[in-house]
Amino acid sequence: MNDDIDQNSTEGVAIIGMSGCFPGARDVEDFWKNLCGGVESITFFSDDELDQSVEPALIERSNYIKARGILENAETFDAKFFGMSPREAQVMDPQQRIFLEVAWQALESAGYNPDTYEGLIAVYGGTGLNTYYANNILSNQSLVESFGNHQTSLVNAPDYLTTRVSYKFNLRGPSINVYTGCSLSLVAVCLGFDSLMSYQCDIALAGGV
């Protein structure tokens, strides 16, 4: 061993908590059980069950797969717990709501209360394309006007995904949104690792939705 090495330097990073929400699995434990048991978690649909917006010509194509992953209880959200009004939660991108829930569950899994923890907690994450805003909110002008055009755009913009978590949980570390396509969650984890190793934070929340 080199005696010149600082014995207090960081030699590694530990995963101390984990949370997730998946098709057919409400948490990481259920997801792992499904993997071990070979459980099919993708939902397959009959023609009658398909969304009416799907073109009939597309349904008739032999290579059109009538299946997708469905999150159970995606419409449930404890707005009051996160300091929101029911109207704010209604117009918000569901991805933003789920990210808030999973981020809080991850902190619970790790056993840390952000209100009492004195260190810096960082957030690195990103979201997919927000089709909810285009298909369900903008088409309802009375809803948009009742909440306000500017406020409606704020609760749906992906730019505020991580900073909203930091604000709601009173986190004081870096808060960075990541956009890298299908590699988003992995890149977020890598950035969280780098943040820990460079002492920018003491705990890093990292993931995607």
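The values are calculated or read from the model by the stated rules, or taken from the named source; none is laboratory data. None of the values given here were measured: they were computed from a predicted structure. No Cβ is skipped: glycine too gets one built from the backbone with ideal geometry, and neighbour counts run over all protein chains shown. Ligands, DNA and RNA are excluded from the accessible area calculation, which covers all protein heavy atoms including side chains. Shrake-Rupley method; radii C 1.70, N 1.55, O 1.52, S 1.80 Å.
In the range 80-100, the residue that is nearest to the chain's Cα centre (by Cα) out of those that are crowded, with 21+ Cβ neighbours inside 10 Å and outside any helix (DSSP H, G or I) is Asp93. The helices (runs of 4 or more DSSP H) located wholly in the range 136-209 that include 1 or more residues which are among the basic types (Lys, Arg) occupy 161-169.
Remark: pairs (first residue in the range 122-143, in contact (Cβ under 8 Å) with a residue 60 or more places away in the chain; second residue loosely packed, with under 14 Cβ neighbours inside 10 Å and in a loop (DSSP other than H, G, I, E, B); Cβ separation under 6 Å; 6+ apart in sequence or on different chains) = Gly126/Tyr179.
Here's the yes/no breakdown for (1) touching a Leu at 6+ places or on another chain (Cβ under 8 Å); (2) in contact (Cβ under 8 Å) with a residue 12 or more places away in the chain; (3) open to solvent by 90 Å² or more (accessible area, probe 1.4 Å):
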residue: Gly12; (1), (2), (3): no, no, no
residue: Met18; (1), (2), (3): no, yes, yes
residue: Trp32; (1), (2), (3): no, no, yes
residue: Leu50; (1), (2), (3): no, yes, no
residue: Tyr64; (1), (2), (3): yes, no, no
residue: Val102; (1), (2), (3): no, yes, no
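Across the range 1-41, the qualifying residues are those that are among the β-branched types (Val, Ile, Thr) and either under 24 Å from Ala106 (Cβ atoms) or touching a Lys or Arg at 6+ places or on another chain (Cβ under 7 Å) (or both), and the one among them that is modelled with the lowest pLDDT is Thr10.
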